[in-house]
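Here's the structure, in structure tokens; my notes come after.
The values are calculated or read from the model by the stated rules, or taken from the named source; none is laboratory data. Quick caveat: nothing in here was measured; it's all calculated off a predicted structure. Note that we place each Cβ from the backbone using ideal geometry, even for glycine, and neighbour counts take in every protein chain shown.
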Amino acid sequence: MSKYWSELIRWLAPYVPGEQPKDRKYVKLNTNENPYPPSPAVLEVIRKHTGQDLRLYPDPNGDILKTAISDYFQVGKDNVFVGNGSDEVLAFAFLAFFKQAKPLLYPDITYSFFPVYSNFFGIEAATVPLNSDFQIDLADYPTDNGGIIFPNPNAPTGRLLHLEPIEALLQRNNASVVLVDEAYIDFGGASCIPLINQYPNLLVTQTLSKSRSLAGLRIGYAIGPAELIEGLERAKNCFNSYTLDRLALVAGTAAMYDRDYFENTCRAIMATREWVVRELEQLDFEVVPSAANFIFIRHRNCQAEELFSELRQRGVLVRYFKLPRIDNYLRVTIGTDGEMQELIRQLQVILSVH
Ligand SMILES: Cc1ncc(COP(=O)(O)O)c(C=O)c1O
């Protein structure tokens, strides 16, 4: 605490990202990164662009990346916004759409950046509880709101909503923006993007951090009706003209065009998830059904916090949230088959002496 800090900074509770430890090598299953490298086409284009041109500013509009994303999803270029990770895209959306007289609504258990941004931007927010199966029930969301945001699949539970309830929400909730954060949609869900032409208040965000193995480059995007995209552009252009650097723009573009690599790595992660779930159930874990690149698990006899520290000591990092309703759960990212075998091996040892 410093006397020079503003009131706002003094009282904020910043987001705490998962550890990126440097003390030793871990099997790192704590931040939902992709265990596979980026597409070879991405690495090649980065090598090609690390030259002279780095002295020049990047294109403030990110045109090549917008074109690649609009080609991929078959939407107009004016339906695409790009940003420095979807966290930044979300931040602009909070500013552009959710600073309203009525409260923003999101689930009680969800991505922990939502309350952080609400506080940071002075946005009034209210939570709506997940049901007892950790499912979002959109019927519980009143229409008297200043916006609705939820991840699909939700984090950290991994539970997926199908399009029908989302469409039902959009039909009755047309006075505020509904933002569906699809950071994990490529691991088994159906995207809402095809609905953007029917609903002027639907905004969808996605990221290249998870399914395209590019967390290190910070690339995210939003897809929605042109008027919402223009709102995001206005927010961004009041903050930073160059949110994506030159390497991110060309690399993100190459990643969007390498559809085969993307589909193969997503398939591999989903296949690994299926067998890991079976193995964990054999070890007496309850596993919340997941359509994401992570699973949310609870052991029938052993406390999550204890498992978390035991695993850590044995070189396996997972994520533990000491929060109401979920303080006996662990969130485990799906790694390679080898990494997950190591997780299972260590759990067997820990549980055998428990
Ligand atoms: C639900 C959800 N949304 C958005 C993000 C942000 O991803 P990025 O800023 O890397 O695009 C994450 C990252 O963990 C997430 O879990």
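Below are the figures for this structure:
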quantity: Residues of segment 49-62 classified as in contact (Cβ under 8 Å) with a residue 12 or more places away in the chain and part of a helix (DSSP H, G or I), total; calculated: 3
quantity: Cβ pairs under 7 Å, 6+ apart, first in segment 121-133 and modelled with pLDDT of 95 or more, second of a type in the set (Ser, Thr, Tyr); calculated: 125/106; 125/118; 127/106; 128/141
quantity: Close pairs from segment 168-191: first surrounded by fewer than 18 Cβ atoms within 10 Å (Cβ to Cβ) and among the polar types (S, T, N, Q), partner modelled with pLDDT of 95 or more and assigned to a loop (DSSP other than H, G, I, E, B), Cβ under 7 Å, at least 6 apart; calculated: 174/201; 191/182
quantity: Out of 101, 93, sole residue that is closer than 27 Å to residue 293 by Cβ and either β-branched (Val, Ile, Thr) or in contact (Cβ under 8 Å) with a residue 24 or more places away in the chain (or both); calculated: 93
quantity: Strands (runs of 3 or more DSSP E) contained in segment 275-349 and holding at least 1 residues surrounded by fewer than 16 Cβ atoms within 10 Å (Cβ to Cβ) and not β-branched (Val, Ile, Thr); calculated: 285-288
quantity: Hey, residue 46 farther than 30 Å from residue 266 by Cα and assigned to a helix (DSSP H, G or I) or not; calculated: no
quantity: Number of positions in segment 2-41 that are within 16 Å of the ligand (Cβ to nearest atom) and more than 20 Å from residue 343 (Cα to Cα); calculated: 5
quantity: Verdict on residue 208 being crowded, with 24+ Cβ neighbours inside 10 Å, within 16 Å of the ligand (Cβ to nearest atom) and more than 30 Å from residue 8 (Cβ to Cβ); calculated: yes
quantity: Criterion (surrounded by 24 or more Cβ atoms within 10 Å (Cβ to Cβ), modelled with pLDDT of 95 or more and either aliphatic (A, V, I, L, M) or at negative phi (or both)) met by exactly one of 226, 251, 271, 235; calculated: 251
quantity: The lone exception for residue 76 - which of (1) under 23 Å from the mean Cα position of the chain (by Cα); (2) over 23 Å from residue 210 (Cα atoms) it fails; calculated: (1)
quantity: Pair list, Cβ under 7 Å, 6 or more apart: segment 208-227 residue more than 15 Å from residue 193 (Cα to Cα), other residue near the ligand (Cβ under 9 Å from one of its atoms) and among the aromatic types (Phe, Trp, Tyr); calculated: 210/184
